[in-house]
Amino acid sequence: MITIQDYINGLKKGKILGSKCKKCGNLMIPPKPVCSKCGSFDVEEVETTGKGVIRSFTVIYVAPEKFEDKAPYVVVLVSLNEGGAVMGRLIGVDPTKPEDIKIGAKVKFKPLIENGEQIVAFEPV
Ligand SMILES: [Zn+2]
């Protein structure tokens, strides 16, 4: 069974891992042992391409303490090409110009260590 630690180790290697329900096809990221849609335990580990499109985004001006020095920054909700959605930091953009960030724009996953913590980041492609 895939654990949260496997997920974090995957991120470090540049992979977004998830679990997919064999019954209804629901893709869960981070992976869960039980399907969040139909409750089935019949789930399998999947490795996504880490590619997707921006579904929505927000600019963070008041950050949690550990990321205070990084604000402002952009947080995006990305719909992965395989299905499923992941929240992450959007890098390679100017957070003071949110009008330049487009819903539907293509992005890809990029592992990022910030203040000693593994975080999920995406960059435009
Ligand atoms: Zn299911």
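Bear in mind these aren't lab numbers, they're just calculated from the coordinates by the rules spelled out. Owing to the predicted nature of the structure, the values given are computational and were not obtained by experimental measurement. Glycine gets a Cβ as well: all are built from the backbone with ideal geometry, and neighbour counts include every protein chain shown.
Annotations
- Take the Cα of K23, step 7 Å toward its Cβ, do the same at K106, and the gap between the two points is 3.6 nm.
- Burial ordering of R55, R89, fewest other beta-carbon atoms within 10 Å first: R55, R89
- Estimated from helices alone, the mean residue ellipticity of the chain at 222 nm is -2000 deg cm²/dmol (sum of -39500 (n - 2.57) over DSSP H runs with n ≥ 4, per residue).
- Cα-based shape type of the range 1-47, given that a ≥ b ≥ c are square roots of the gyration tensor eigenvalues and the cut on a/c is 1.5: prolate
- Prolate/oblate/rounded call for the range 49-125, Cα gyration tensor, a/c under 1.5 rounded: oblate
- Relative contact order (%) - the chain, alpha-carbon pairs under 8 angstrom, separation at least six: 22
- Here the extension length gained between K13 and E68 equals 17.2 nm, from 0.36 nm per residue of separation less the Cα-Cα distance.
- Sorted by Cβ neighbour density within 10 Å, fewest at the top, the residues M28, M1: M1, M28
- Measuring nothing but how far apart in sequence close Cα pairs (under 8 Å, 6+ apart) lie, relative to its length, the range 1-47 scores a relative contact order of 37 percent.
- Given their separation in residues at 0.36 nm each and the Cα-Cα distance between them, M87 and V53 gain 11.1 nm when the chain is fully extended.
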